[in-house]
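Reviewing the structure listed below.
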Amino acid sequence: MRYHVAVGDRTYLVELGPEGTTVDGIAVRAQLAHVNGTDVHSLVLDGASYRLVAARSGSDTWDLHLRGQRLAVEVVDERAHAIREMTGAGSGPAGPHPVRAPMPGLVVKVEVAEGDAVEAGQGLVIVEAMKMENELKAEVAGVVARVHVEPGQAVEKDQILVDFAAPDDEGGEGVHPEKDT
């Protein structure tokens, strides 16, 4: 099976088959084991072991937490990729996505305020979960439309923490002007 895996500005072609796994045509030794009842996985990649937290955030998107970094990843199979290419679906900017809690936790620090301009990779909120502090970062540059949390607040998985204004939104209403959940 072939997958197009987008991480940031880079897309990788990942092939999983009976002969093994390749990434952009290069063979890798990979094993992934799931810890039942959690979003936690054990990833062994070319002999090195990693703790990986993987939570689905959309039909084709995942929030991954690996080695203290949050990664927004899109995984599309070969068929869906071909359909998108033919129809042009998925092209063009969709605007910044809200930052959501990847798992239940406690807000330790809020690093931005409403109206702040942020750069891709800039820290937004620090959430403590499973005895680890996780700094959630902006996927792309944008302007903070609304901060839904404050330090000391408990949050649930998928709860919106920070909304961003749409690139053409002068009023700062944000792309997801949802109520706190």
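What follows draws every value from the coordinates through simple rules; no lab data is involved. Small disclaimer: the values here were computed from a predicted structure and weren't measured. FYI the Cβ positions are ideal-geometry reconstructions off the backbone, even for glycines, and counts take in every protein chain you see.
Side notes on the structure shown:
- For region 99-147 and region 1-57, distance of Cα centres in Å: 25 Å
- The charge dipole of the chain, taken about the Cα centre with unit charges on the Cβ atoms of Lys, Arg (+1) and Asp, Glu (-1), comes to about 720 debye, rounded to the nearest 20.
- Cα-based shape type of the chain, given that a ≥ b ≥ c are square roots of the gyration tensor eigenvalues and the cut on a/c is 1.5: oblate
- Selection among Leu106, His81, Gly37 by position relative to the dipole of the chain gives Gly37 as farthest towards the positive end (Cβ unit charges, Cα centre).
- Of the trypsin sites (Lys or Arg not before Pro) found in region 1-34, those that fall in a DSSP loop while having at most 15 other beta-carbon atoms within 10 Å are Arg29.
- Considering only beta bridges that DSSP places wholly inside region 2-87, some 100 percent are antiparallel.
- Scanning the chain for GluC sites (Glu not before Pro) in DSSP loops with at most 14 neighbouring Cβ atoms within 10 Å leaves 20-113 as the longest stretch between them.
- Within region 1-55: Cβ-based charge dipole about Cα centre, in debye rounded to nearest 20 (Lys, Arg +1; Asp, Glu -1): 100 debye
- GNM on the chain, alpha-carbon springs under 10 angstrom: the most fluctuating residue among Ala120, Ala82, Ala72 is Ala82.
- Angle in degrees between helix 78-87 and the longest Cα principal axis of the chain, rounded to the nearest 10: 60 degrees
- Cα gyration tensor shape of region 1-106, rounded if a/c is under 1.5, else prolate or oblate by comparing a/b with b/c: oblate
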